[in-house]
Amino acid sequence: MGGVGEPDWEPAQRGAPLPTLRWEQVRRHNLPGDKWLVIERRVYDISRWAQRHPGGSRLIGHHGAEDATDAFHAFHQDLSFVRKFLQPLLIGELAPEEPSQDGPQNTQLIEDFRALRQAVEDMKLFEAKPAFFGLLLGHILAMEVLAWLMIYLLGPGWLPSTLAALILAVSQAQSWCLQHDLGHTSIFRNSRWNHLAQQFVMGQLKGFSAHWWNFRHFQHHAKPNIFHKDPDVTVAPVFLLGESSIEYGKKKRRYLPYNHQHLYFFLIGPPLLTLVNFEVENLAYMLVCMQWMDLLWAASFYARFLLSYVPFYGIPGALLLFVAVRVLESHWFVWITQMNHIPREIGHEKHRDWASSQLAATCNVEPSLFIDWFSGHLNFQIEHHLFPTMPRHNYRRVAPLVKALCAKHGLSYEVKPFLTALVDIVRSLKKSGNVWLEAYLHQ
């Protein structure tokens, strides 16, 4: 079943006891086309099934030869349903004398985190409030209508156009947040309803592919701030983050003036991420992966936008309005999504337990009614990463419990003022650039 070499275990016959395996055996199966993983001490061969995994083969493959128990619980709502797909992949279980996790991990922390998750489930903090998300969708649609009415009633002058662009940018930013909630299946109990609603929000309201977003974003959640596993930090050679600074310096790589990356970040980071990088990446994904339904949804967004604004501006003016909205939206996206991650630890795989890996890569921003709304509650990034399917209106309730867990185990639970979090992005880029320059000049 492994796909490489001779099997190093005895497959179980139907009805017979499961073969017992050791971590030493599991570790050998973390190759392309040959991957095992462990969930609740049971060993599964996902080598051939990974390509059919709804979250993508990369997402599940990132947990190859690891204990994926907490990731399994974090990503799935209906565990009994998902276990039906796991059953045919079961090849054995860990031997009784083997630990549940491989490597030097904090067993007590893992047990305490799982107890916390159970307590959170008992508190019903994974249950969404339909009215909350209904209001979110309603205010997005209201902003879309308001922007159009402003141009319709006041004409396409500079002032109405500027105000309309700002309103549309806020609507687009809030649409990112709502589709993000839906992608994590945190609104409806039925996963299919979440996916259908996400396609509408991501496609009709934003012009992007829901499948593309989930493909890249779930990897970020599985292995945050890990090179080649988290797409959000695999940005070299344009920007150097964390450990890549030293590596590029030692290897004398200088594709850009990295000691000034904190300056050119303002030119090519916030202004262009959504307008250029996301647009190209999104279109390529839909075409290569043949996501034709997503392509139709995205086309419906552009058709609606052009039909709404071409009568006032003509085609060139409508396209200019579109670019302005995307650039404004892109600034929001970069600053809000990266203030919790870029200043944190960024590097190669450390094979930590779920809680430790999420806490090492995230921090929070001080809450307020405005910041909660403006950031889509991503100021509670720690809670979101520990419990990605939790509805965001419950982050405030779970935060004290998470903070207590961190205090018990001496883990960092960092909360920053909003402006400090934004400035720390630039500080981190400057620090990484200086580390690169020092390694470049002195190695």
- By how many nm would the segment from residue 373 to residue 320 grow when fully extended, if each residue of separation counts as 0.36 nm and the alpha-carbon distance is taken off? 16.3 nm
- Query: How do 218, 132, 387 rank by accessible surface area computed with a 1.4 Å probe, from largest to smallest?
  - Reply: 132, 218, 387
- Whenever you get a sec, line up 320, 437 from highest to lowest accessible area (probe 1.4 Å, protein heavy atoms). 320, 437
- Note on the structure: Surpassing 28 Å at the alpha-carbon level, of the pairs 206/416; 124/408; 229/431; 350/430; 251/350, are 206/416
- Could you look at the chain and say what percent of its accessible area is carbon and sulfur, using a 1.4 Å probe and all protein chains? 64 percent
- Message: Quick check: net charge around residue 129, other residues with Cβ under 15 Å of its Cβ, Lys/Arg +1 and Asp/Glu -1?
- Response: +2
- Task: Any chance you could look up the accessible area of residue 177 with a 1.4 Å probe, heavy atoms only, rounded to 10 Å²?
- Result: 10 Å²
- Message: Using the Cα centre of the stretch 36-122 as the reference point, and only Cβ charges (+1 on K/R, -1 on D/E), how large is the resulting charge dipole? Debye, rounded to the nearest 20.
- Response: 540 debye
- Message: Give me the percent relative contact order of the stretch 277-430, please, defined on Cα pairs under 8 angstrom at least 6 residues apart.
- Response: 21 percent
- Where a ≥ b ≥ c are root eigenvalues of the Cα gyration tensor, a/c under 1.5 meaning rounded, otherwise prolate if a/b exceeds b/c and oblate otherwise, the stretch 371-425 counts as oblate
- Message: Test of understanding: in a Gaussian network model of the chain with alpha carbons linked when under 10 Å, which of 292, 49, 354 would top the mean-square fluctuation ranking?
- Response: 292
- Choice from 176, 193, 297 showing the highest fluctuation, given a GNM over the chain with Cα pairs closer than 10 Å: 193
- Query: residue 426 accessible area, nearest 10 Å², 1.4 Å probe?
  - Reply: 30 Å²
- Message: Rounded to whole Å, give me the distance from the Cα center of the stretch 325-347 to that of the stretch 370-443.
- Response: 12 Å
- Could you order 308, 186 by accessible surface area, starting with the largest, using a probe radius of 1.4 Å? 308, 186
- Message: Heavy atoms of the protein only, probe of 1.4 Å, neighbouring chains included. What is the accessible area of residue 24 in Å², nearest 10?
- Response: 100 Å²
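So which trypsin sites (Lys or Arg not before Pro) in the stretch 88-182 pass both tests, a DSSP loop state and at most 11 other Cβ atoms within 10 Å of the Cβ? Display every interim value, and only then the final one.
Working: sites: 114, 117, 124; in loops: 124.
Sites meeting the loop and neighbour criteria: 124.
Give me the net charge of residue 169's neighbourhood, meaning all other residues with Cβ under 9 Å from the Cβ of residue 169; Lys, Arg count +1, Asp, Glu -1.
Taking every other residue near residue 169 into account, the sum is 0.
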- Take each of the peptides 390-396, 229-235, 95-101, average the number of other beta-carbon atoms within 10 Å over its residues, and list them starting from the highest. 390-396, 229-235, 95-101
- Task: Grab the alpha carbons of the stretch 393-443, take their convex hull, and tell me the volume per residue in Å³.
- Result: 113 Å³
- Task: Evaluate the relative contact order of the chain (contact order divided by residue number), counting alpha-carbon pairs under 8 angstrom at least 6 apart; express in whole percent.
- Result: 18 percent
- Task: Could you tell me the distance between the Cα centroids of the stretch 23-42 and the stretch 230-265, to the nearest Å?
- Result: 33 Å
- Accessible area of the chain divided out per residue, in Å², using a probe of 1.4 angstrom: 47 Å²
- Message: Can you compute the label reach from residue 193? Point 7 Å from Cα along the Cβ direction, backbone N cut-off under 20 Å, restricted to the stretch 105-126.
- Response: 124-126
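Can you check what the net charge comes to around residue 18, using other residues whose Cβ is under 9 Å from the Cβ of residue 18 (Lys, Arg +1; Asp, Glu -1)?
Value of the local net charge: 0.
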- Query: So what are the three principal axis dimensions of the stretch 150-213 from its Cα atoms, in whole Å, longest to shortest?
  - Reply: 45, 18, 16
- Have a look at 347, 410, 376 and tell me which one the Gaussian network model of the chain (Cα, springs below 10 Å) gives the largest fluctuation. 410
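Determine the calculated [θ] at 222 nm for the chain from helices alone, applying -39500 (n - 2.57) to every DSSP H run no shorter than 4 residues and normalising by the residue count; nearest 500 deg cm²/dmol. Intermediate values should be presented prior to the final figure.
Details: 18 runs with 246 residues, N = 443.
Counting only the DSSP helices, I get -18000 deg cm²/dmol.
The values are calculated or read from the model by the stated rules, or taken from the named source; none is laboratory data. All values derive from a computational prediction rather than experimental measurement. Every residue, glycine among them, receives a Cβ derived from its backbone with ideal geometry; neighbour counts consider all protein chains shown. Each accessible area value is taken on the protein alone, full model and side chains, heavy atoms only, with ligands, DNA and RNA left out. Shrake-Rupley method; radii C 1.70, N 1.55, O 1.52, S 1.80 Å.
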